[in-house]
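Participant: I have a structure I would like to understand better, so I am pasting it below and will then ask my questions one at a time.
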Amino acid sequence: YKDAEITLSVKDGGRIETPCGVFENTVHLTVNAEAKEGNRNEYGYYFYNNTDCGVKEFWFAKGVGVVRFKRTWGNHLESDCYLTSYRTVANENEMMPIHIGNTWRYEEKYLTDENYIARRDYKVISGNDGRYLLADSQTFTWRGSVDEYEDWKKTL
């Protein structure tokens, strides 16, 4: 968060329903990164300068990790991702189990609602001395025809 003022808050996240289950007693972490004066322009939110600026929310469940995350960039872009599958090795009290082989898959609700396969995958690849390599990938695939896609773009 270069040249940003950061505010963190942690509170009870309550119950979160996801495609892979219902999680009780979650913890809700909010990170607000506000670009400092002089660095606040909408262009920066979308193109590299301040891509991490905005509000980022994460809901954690014991033994699983992040079950939902919601992010905003500037005044126009927002994503809301829900856990669709996971495989974790964890003790029941770990809120973010980082162990080699753990995996998480999330569906991006807004894009899925707009006829995309939109998901994000994370996997802990390796680790040594408390440092871990986390791989992530994104998939965005339009489910309809090219003509349907061209028609959909006109609605934006």
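The values are calculated or read from the model by the stated rules, or taken from the named source; none is laboratory data. All values reported here derive from a predicted model rather than from experimental measurement. Virtual Cβ from ideal backbone geometry, glycine too; neighbours counted across all protein chains shown. Accessible surface is based on the protein model in full, side chains and every heavy atom, while ligands, DNA and RNA are left aside. Shrake-Rupley method; radii C 1.70, N 1.55, O 1.52, S 1.80 Å.
Participant: Looking only at region 99-133, count every residue that is closer than 17 Å to F69 by Cα and touching a residue at least 24 places away in the same chain (Cβ under 8 Å) and tell me the total.
Facilitator: Here the count works out to 9.
Participant: Which of the residues belonging to region 55-95 are in a loop (DSSP other than H, G, I, E, B) and either among the acidic types (D, E) or buried (at least 21 other Cβ atoms within 10 Å of the Cβ) (or both)? Give the derivation first.
Facilitator: Within region 55-95, the subset in a loop (DSSP other than H, G, I, E, B) is 62-64, 74-76, 88-95.
Result: V64, E92, E94.
Participant: Could you look through region 104-150, keep only residues that are open to solvent by 90 Å² or more (accessible area, probe 1.4 Å) and outside any strand (DSSP E or B), and pick out the one that is modelled with the lowest pLDDT?
Facilitator: D113
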